[in-house]
Amino acid sequence: MVRKAANTVYTMWLREMLRFWRSKSRIVGSLATPFFFLVFLGPGFSSSYRLPTGQPLDNSFLAPGLIGMAILFSSLMGGVSIIWDKEFGFLKEILIAPVSRFYVALGKAVGGVTTSIIQGILILIIAWLIGIKYHSLPGVVASMGIMFILGIGFIGLGIALASKIESHEGFQMVMSFLTMPLVLLSGAFFPITNLPGWLKLLVYANPLTYGVEAIRWCLLGNSTIPIITSLAGITLFAFFMMLLGGKLFDSMEI
Amino acid sequence: MLYAIETEGITKKFDEITAVNNVSISVKPGELFGLLGPNGAGKTTLINMLSTMIEPTGGSAKVWDFDVKKDAPHVRQNIGMVFQDTTLDDRLTGRENLDLHGRLYDMDSKHRKKRIEEVLSLVELTDRANAIVKTYSGGMTRRLEIARGLMHHPHVLFLDEPTLGLDPQTRNHIWEYIKVLNKEEGVTIVLTTHYMEEADHLCHRIAIIDHGEIVALDTPEALKNMLGGDVITLELENPDNISRLCEIYKENGCASIVSRKNNDVFITVRDGERQIPHVLELASDAGIPIRSVSLHKPTLDDVFLHFTGRAIRDKEAGETERVGYILRARRK
């Protein structure tokens with residue numbers, strides 16, 4: 001029973017990896033945005049803005065935010081890709097196999113989160129090459145754990161959305177109305193210490209905020225939100241999103 | 001186990017429409033069984049129920065002795081399915097598609113590798129196995145899907161419109177593969193089609209389905225024989241002789257039905273080609289000159305017409321077929 005479940009999860013993971021490997025050009029493309037942010041936005045910010053601590057707001061502040069953004073984009077896409085599987089028929093092949101739907105969803109999630117972490121790590125390396133000093137090696141390793149939890153959360157959300165959305169037109173709309181606010185309200189690009197009340201409320205209600213803060217703590221050794229709070233925030237988010245995604249996928253009709 | 005598939009009054013109602021109504025069929029192991037009917041007749045709904053993709057709203061069905069409602073996982077392990085539209089991952093290679101399938105059906109690595117080669121050679125895709133599916137032609141895609149459906153040694157293989165949207169030449173190829181795998185792999189096959197020639201050419205037995213109900217079920221030969229036999233059409237030089245010739249045939253008892261229309265006499269007989277010389281002899285003995293003779297062997301078209309009162313072609317929604325074709329083309 002356990003072996004069979006593991007086998008299903010592994011098969012779905014393997015498929016994601018094979019597809020990921022085939023889309024190398026897309027990976028390069030997805031790294032372009034964070035790369036340009038680091039190279040152009042970082043120096044521009046650092047010459048104009050100061051953090052409340054007095055330091056310039058530079059690449060070392062932006063990098064954790066960019067990693068968080070990359071995880072959000074690729075995880076959400078990973079989950080939502082079920083829509084493509086539905087449209088191109090492959091979903092039927094999976095659903096007619098003698099395997100549990102829940103483990104199919106889980107395998108999809110683990111596959112998606114792996115690709116997300118790979119992208120996160122690539123940004124880590126790019127940022128390091130550009131000259132960012134990380135706090136400690138264990139911190140860098142821990143940040144990958146944060147990426148994992150955060151990724152699972154957004155994939156769960158993606159799967160939940162995909163199970164409810166009929167076409168990829170609807171999906172385009174959801175994506176633009178979801179991803180941009182999530183990124184801009186996450187403290188990826190500005191410190192969240194002195195925000196006006198209404199904005200603070202939105203920022204603190206945003207799961208990505210806790211992800212970015214946790215990654216910042218791991219990489220740089222300091223964050224506005226205490227690490228325990230961030231960790232609890234993203235873990236709860238991941239747990240409930242995966243539960244929701246699994247449930248909706250289970251009841252999805254094709 | 002007596003039957004590979006056995007249904008009892010299986011029914012599927014969607015809100016207002018009854019897609020499949022009270023269907024009871026039995027398919028023997030090793031049989032190549034056809035469900036023939038126009039688009040929207042309920043063929044796909046029926047095999048979707050048998051393959052556990054959708055739940056029946058009434059009646060029951062067993063596939064390889066497993067109940068489709070109570071024991072879906074076992075049914076799934078024992079069946080292969082080739083859907084109407086492609087369900088391959090077109091970003092992966094043919095071999096990868098087969099490999100993933102083998103894994104989903106819990107085949108171990110050694111067994112998987114061996115079986116992949118077997119099914120690839122069966123559908124003659126060994127050369128293209130490492131190419132991305134996106135680059136395959138329509139016929140190759142179909143063949144790969146059939147190979148994948150066979151991957152896990154299913155006892156029953158469902159083919160939903162296996163040659164829809166394919167050109168005639170490719171269609172003939174697919175037919176040959178289907179025959180070969182039925183014979184060599186010994187797998188029971190249930191296919192749906194609205195192509196008469198396909199059902200006639202391939203199937204051991206055919207169920208004609210219309211408006212969700214089985215209207216006739218037998219071997220293609222028996223179905224055609226139900227119409228009484230072949231029709232010999234004689235065109236006379238002189239229409240005045242028609243009545244006399246009809247009398248002669250009736251008296252001689254060489255035909256069950258004799259009818260006339262304009263200059264033509266229609267004689268319904270068994271073994272038409274063997275009867276022609278005798279029929280001509282009788283005419284010449286009576287001194288009635290014949291201008292032409294033709295023989296029409298009944299087709300399943302005639303059978304369908306006989307049972308439903310209309311030709312299957314009337315209902316053949318070119319629309320659906322074209323959409324299917326466009327979808328397939330778009331994916332290339």
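The values are calculated or read from the model by the stated rules, or taken from the named source; none is laboratory data. As the structure is a computational prediction, the values presented were derived from the model and not from experiment. Neighbour counts run over all protein chains shown; Cβ positions are idealised from the backbone, glycine included. For accessibility, only protein heavy atoms count, side chains too; no ligands or nucleic acids. Shrake-Rupley method; radii C 1.70, N 1.55, O 1.52, S 1.80 Å.
Quick one: is residue B:130 within 13 Å of chain A (Cβ to nearest Cβ), in contact with a helix residue (DSSP H, G or I) (Cβ under 7 Å, 6 or more places away or on another chain), modelled with pLDDT of 95 or more and not in a helix (DSSP H, G or I)? Here the answer is yes, as residue B:130 does meet what is asked. Against the criterion of being among the hydrophobic types (A, V, I, L, M, F, W, C) and in a loop (DSSP other than H, G, I, E, B), residue B:116 does not qualify. Residue B:2 satisfies every condition listed in (1) hydrophobic (A, V, I, L, M, F, W, C); (2) closer than 15 Å to residue B:191 by Cβ; (3) open to solvent by 60 Å² or more (accessible area, probe 1.4 Å) except (2).
Tell me which residues, restricted to the range B:93-105, are more than 8 Å from every other protein chain (Cβ to nearest Cβ) and open to solvent by 30 Å² or more (accessible area, probe 1.4 Å). Write out each step before concluding.
Taking the range B:93-105 first, the residues more than 8 Å from every other protein chain (Cβ to nearest Cβ) are B:93-95, B:97-99, B:102.
Passing the criteria: B:95, B:99.
Can residue A:182 be described as of a type outside the set (Lys, Arg), within 17 Å of the chain's Cα centre (by Cα) and open to solvent by 40 Å² or more (accessible area, probe 1.4 Å)? For residue A:182, the condition - of a type outside the set (Lys, Arg), within 17 Å of the chain's Cα centre (by Cα) and open to solvent by 40 Å² or more (accessible area, probe 1.4 Å) - is not met. Residue count for the range B:52-92 under the criterion of being within 27 Å of residue B:303 (Cβ to Cβ) and open to solvent by less than 10 Å² (accessible area, probe 1.4 Å): the result is 2.
Residues in the range A:215-243 that are open to solvent by less than 70 Å² (accessible area, probe 1.4 Å) and not in a helix (DSSP H, G or I): A:221, A:223, A:224, A:225.
Scanning the range B:178-194 for residues that are farther than 17 Å from residue B:5 by Cα and surrounded by fewer than 20 Cβ atoms within 10 Å (Cβ to Cβ) yields a count of 5.
Restricting attention to the range A:56-90 and to residues that are within 18 Å of residue A:211 (Cβ to Cβ) and over 17 Å from the mean Cα position of the chain (by Cα), the residue that is least open to solvent (accessible area, probe 1.4 Å) turns out to be A:61. Against the conditions (1) assigned to a strand (DSSP E or B); (2) within 22 Å of residue B:88 (Cα to Cα), residue B:175 satisfies every one except (1).
Residue A:93 meets all of the listed conditions (1) in contact with a strand residue (DSSP E or B) (Cβ under 9 Å, 6 or more places away or on another chain); (2) away from chain B (no Cβ under 14 Å); (3) crowded, with 18+ Cβ neighbours inside 10 Å but one, namely (2).
Can you find, within the range A:96-139, the residue that is most open to solvent (accessible area, probe 1.4 Å) among those that are of a type in the set (Val, Ile, Thr) and at pLDDT below 90?
As a first pass, look at the range A:96-139 and keep what is of a type in the set (Val, Ile, Thr): A:96, A:99, A:104, A:110, A:113-115, A:117-118, A:121, A:123, A:125-126, A:130, A:132.
Next, only the ones that are at pLDDT below 90 stay: A:130, A:132.
Numbers: A:130: 70, A:132: 10 Å².
My answer is A:130.
Do the conditions hold for residue B:231, that is, is it aliphatic (A, V, I, L, M) and open to solvent by 30 Å² or more (accessible area, probe 1.4 Å)? Criteria met by residue B:231.
Please verify whether the range B:151-170 includes one or more residues that are crowded, with 21+ Cβ neighbours inside 10 Å and part of a helix (DSSP H, G or I). No: zero hits.
Among the residues of the range A:185-214, those identified as touching a Ser or Thr at 6+ places or on another chain (Cβ under 7 Å) and open to solvent by less than 10 Å² (accessible area, probe 1.4 Å) are A:186, A:187, A:192, A:203, A:206, A:208, A:209, A:212, A:213, A:214.
Contact map, the range B:88-104: first residue within 17 Å of residue A:85 (Cβ to Cβ), second residue among the small types (Gly, Ala, Ser), Cβ cut-off under 6 Å, separation 6 or more or different chains; pairs are B:104/A:97.
Can you pull out the helices (runs of 4 or more DSSP H) entirely within the range A:1-52 that have at least 1 residues that are facing chain B (nearest Cβ under 10 Å)? Give the steps one after another, and end with the answer.
Numbers: elements: A:2-22, A:24-36, A:42-46.
Because the criterion is at least 1 residues that are facing chain B (nearest Cβ under 10 Å), the helices (runs of 4 or more DSSP H) in the range A:1-52 that meet it are A:2-22.
Selection of the range B:50-71 for residues being within 25 Å of residue A:90 (Cβ to Cβ) and of a type in the set (Asp, Glu) yields only B:55.
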